[in-house]
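Below is one structure, written out as structure tokens; comments come after it.
The values are calculated or read from the model by the stated rules, or taken from the named source; none is laboratory data. Computed from a predicted structure; not experimentally measured. We place every Cβ from the backbone using ideal geometry, glycine too, and count neighbours over all the protein chains shown.
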Amino acid sequence: MVRSPSAVLLALACGLPAAMVAPRPTQAADCQTPMQGRYAVMAMGTVRADQRSATATPQARLLEERWQPDGRVEGRLVERVGEALRSTSYRGSLNVVGTCLVQVQRQLPWGQQLSEAVLDNRGRPLYSLDRTPGTVISSRWLPMAPGSCRGSDLNGVVLSSQVGVNRVQGGWKPNAVVQREVWRDGSVEGVALSSYAGVGDSVAYTGQLRLDADSCWGALAETDAKGGRYNYRALVVNGRKGARGYLYLQTDPSDLTVGWLVRD
């Protein structure tokens, strides 16, 4: 057994026999059993309709997904592919394919969607990568508590980071936005710091979230001080001690953005 010299010297200085000093064994990852439960997922990237094509279309999605004890997957998805918007409920399966690595297969009306997720030591997915041919899409996962949500769950300060693209003269240009919001019972007032294709701006805005019945999904409509109007599909990420924040996917055809908005 190899002992570090510093550990041996420390033991001798304390009057302990050197034989008692040994390095702490490395703890094995305990993630072979994926943690069942409910998750919120935000994804962004590109897809090619034809893998031989040189043109990629931006794609983004939100998912609310439940992992069942028997390996079944059930969920709801809202997705943008370029200017198009689509949504569906779905079923699928979950399979362990490596150490702390799982594969998720989702059966969608427009075809099978395949992804692989990395797990933390508790068996929770944190990030995943699409494995469907032609896609370059990564996702972030957040655990959700059971139950439906209320507009008041977001009360307080919310900070956000948004990334995406906007349609300009037939092409897609990158944008990024950070925001500070104050929520009260489904109404929001905020300020957005933005860069659209490298052009910076700052603007105040107000908005209203209307949740679907018995759900954590909702429609968010916002208007800024310059008269701009913005629409999103939102998913409140409820925790055991109140909402952790919310995810959103923009539904305006010329703007394709996703954001994770964190409640203070």
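Go over the candidates A60, A84, A54 one by one and state the one that is closer than 29 Å to K173 by Cβ, touching a Lys or Arg at 6+ places or on another chain (Cβ under 7 Å) and among the small types (G, A, S).
Answer to the selection: A60.
In segment 88-127, what residues are under 20 Å from R140 (Cβ atoms) and not in a strand (DSSP E or B)?
C100, D120, N121, R122, G123, R124
Name every residue in segment 58-69 that is at pLDDT 95 or above and either farther than 14 Å from Q113 by Cα or not in a strand (DSSP E or B) (or both), in order of residue number.
Correct list: P58, E64, R66, W67, Q68.
Would you mind telling me which numbered condition in (1) free of Cβ contacts under 8 Å to residues at least 40 places away in the same chain; (2) touching a Cys at 6+ places or on another chain (Cβ under 6 Å); (3) not aromatic (F, W, Y) Q169 fails?
Result: Q169 fails condition (2) only.
Quick check on segment 89-107. Is at least one of its residues in contact (Cβ under 8 Å) with a residue 40 or more places away in the chain, closer than 19 Å to A60 by Cβ and out of contact with any helix residue (DSSP H, G or I) (no Cβ under 7 Å at 6 or more places or on another chain)?
No, because not a single residue in segment 89-107 is in contact (Cβ under 8 Å) with a residue 40 or more places away in the chain, closer than 19 Å to A60 by Cβ and out of contact with any helix residue (DSSP H, G or I) (no Cβ under 7 Å at 6 or more places or on another chain).
If D252 meets every condition in (1) assigned to a strand (DSSP E or B); (2) of a type outside the set (G, A, S); (3) surrounded by 13 or more Cβ atoms within 10 Å (Cβ to Cβ) apart from one, which number is that one?
Just one mismatch for D252, condition (1).
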